[in-house]
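Structure, as structure tokens:
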Amino acid sequence: MRTGSMRVAEISLPAIRQNVAHVRDLTGGAVIVVVKADGYGHGASIVAEAALAGGAAMIATADLEEALALREAGIEAPILCWLHGVRVDFADAVAAGIEIGVSHVQQLEALADAARRVGRGATAQLKIDTGLSRNGAAPDEWRTLFTRAAELSREGLVRVRGIFSHLANAGDENDRAQAARFDEAIAMLREAGIDPELQHLAASAATLSSPHLRYNAVRVGIAAYGLSPFADKTSAQLGLVPAMTLRSEIVALRGVPAGTGVSYGFNHVCETATTLALVPMGYADGMPRALNGAGAWVTVAGEPRPIVGRIGMDQFIVDVGPLAGRVGLGEPVVLFGDPELGHPPVEIWAGLMRTINYEIVSGIGPRVLRVAADGSEA
């Protein structure tokens, strides 16, 4: 490893730039790249810089703390955040020029109060619920919210830059019904006297599959990281390149006879004499313990080799079998990466765990060093 770390998530900057440029070319509108949860586990500031270089118009987070951390990291581009606690103080956000997603009148008043105290106008984007039944103003709140937003805009306290919502991805009919509600909200906001510069409804799935849902901006997360939001389409089929390669190395090797039990509980017993390699990555690093005996594999010396025995907090074991004598201590091990380069795709883990690729990458632990890579490695 170039860094000397035993655990590395190598983040391809060219891949992120290419993915964002692909989305921008596909949609022709503004691209908002979501870097919440530490950039879906990729490293928020690493991703933000690469996304902006790829043509992103704005960066987005869930929490205000995440947005402020990006400012502290030197990200000067527009940043939007939209999930707030009831006791939030927006003063630091206003001072840092962070755009606030507002979901109800109470938040709008808190933002206006912060603007008064800071002595600087705030910028907001109004988040509405069109059917996901989650964050965002409900339809019976829209008129009150929009009317008050227009009043505060005329006072110079809050500029409303955009309006947005989130699809439930519950099928085309439901998506179109949500879009119809979104259109109603835009019309109502204009009636209140605000013509929003940005209108965004589509996240990655709709952005890649439904041109009629793109409006004049899209808000992408998983697509920017080069991963597919669809169970039946690969990254390559969507024109995306996975950005994360999760790497470790062999730190111990031992030849064992047939009948040797492996790791806790001996739930794996070697059928023949073989060579076992110890890899210092475990469930504390985001490697699901339930992968035990599930058929997961890694690549060693470019060849697929099975994970055997129970995964520990800090380590797991690979049967390197026929590679004995060809690999030594320090030999790189790739847990997942770009399948076009011969690496296991992260979707193998997701499939075995009956979950989605989002959960796997965002769950990579803090001991794993995120390294920005400006080239490509096999």
query = Taking segment 85-127, which residues are within 22 Å of the chain's Cα centre (by Cα) and without any contact (Cβ under 8 Å) to a residue 24 or more places away in the chain?
reply = 85
note = When residue 107 is run through (1) part of a helix (DSSP H, G or I); (2) of a type outside the set (Phe, Trp, Tyr); (3) touching a helix residue (DSSP H, G or I) at 6+ places or on another chain (Cβ under 7 Å), the failure sits at (3)
task = Go through the residues of segment 220-238 one by one and say whether even a single one is among the aromatic types (Phe, Trp, Tyr), in a loop (DSSP other than H, G, I, E, B) and closer than 23 Å to residue 354 by Cα.
result = yes
inquiry  = Looking only at residues that are among the small types (Gly, Ala, Ser) and part of a strand (DSSP E or B) in segment 246-266, which one is nearest to residue 40 (Cα to Cα)?
reply    = 248
remark   = Checked pairs for segment 19-40, first touching a residue at least 12 places away in the same chain (Cβ under 8 Å), second among the charged types (D, E, K, R) and in a strand (DSSP E or B), C-beta under 7 Å and 6 or more apart or across chains, list as 32/219; 34/219
note = Residue hits (segment 106-131; out of contact with any strand residue (DSSP E or B) (no Cβ under 8 Å at 6 or more places or on another chain) and within 19 Å of residue 188 (Cβ to Cβ)) are 130, 131
message = Quick check on my filter: what residues within segment 284-300 are surrounded by fewer than 20 Cβ atoms within 10 Å (Cβ to Cβ) and either among the basic types (Lys, Arg) or at pLDDT 95 or above (or both)?
response = 284, 289
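How many residues are closer than 14 Å to residue 291 by Cα, in a loop (DSSP other than H, G, I, E, B) and of a type outside the set (Ser, Thr, Tyr) when one looks only at segment 345-378? Step through it out loud before you land on a result.
Narrowing segment 345-378 to residues closer than 14 Å to residue 291 by Cα: 346-355, 360.
Among the residues that remain, those that are also in a loop (DSSP other than H, G, I, E, B) are: 353-355.
Checking the rest, the ones that are also of a type outside the set (Ser, Thr, Tyr) come to 353-354.
The qualifying residues number 2.
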remark   = Residue hits (segment 267-291; touching a residue at least 40 places away in the same chain (Cβ under 8 Å) and either in a helix (DSSP H, G or I) or under 25 Å from residue 355 (Cα atoms) (or both)) are 267, 268, 279, 280, 281, 284, 285, 286, 287, 288, 290, 291
Residues of segment 262-281 satisfying the condition of being polar (S, T, N, Q) and farther than 23 Å from residue 329 by Cα = 267
query = Hey, any hits in segment 323-336 for a residue that's without any contact (Cβ under 8 Å) to a residue 40 or more places away in the chain, assigned to a helix (DSSP H, G or I) and not assigned by TED's automatic domain parsing to the domain that holds residue 41?
reply = no
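The values are calculated or read from the model by the stated rules, or taken from the named source; none is laboratory data. What you see is a predicted model; the values in this text were computed from it and never measured. Neighbour counts are summed over all protein chains in view; Cβ atoms, including those assigned to glycine, are modelled from backbone coordinates with ideal geometry.
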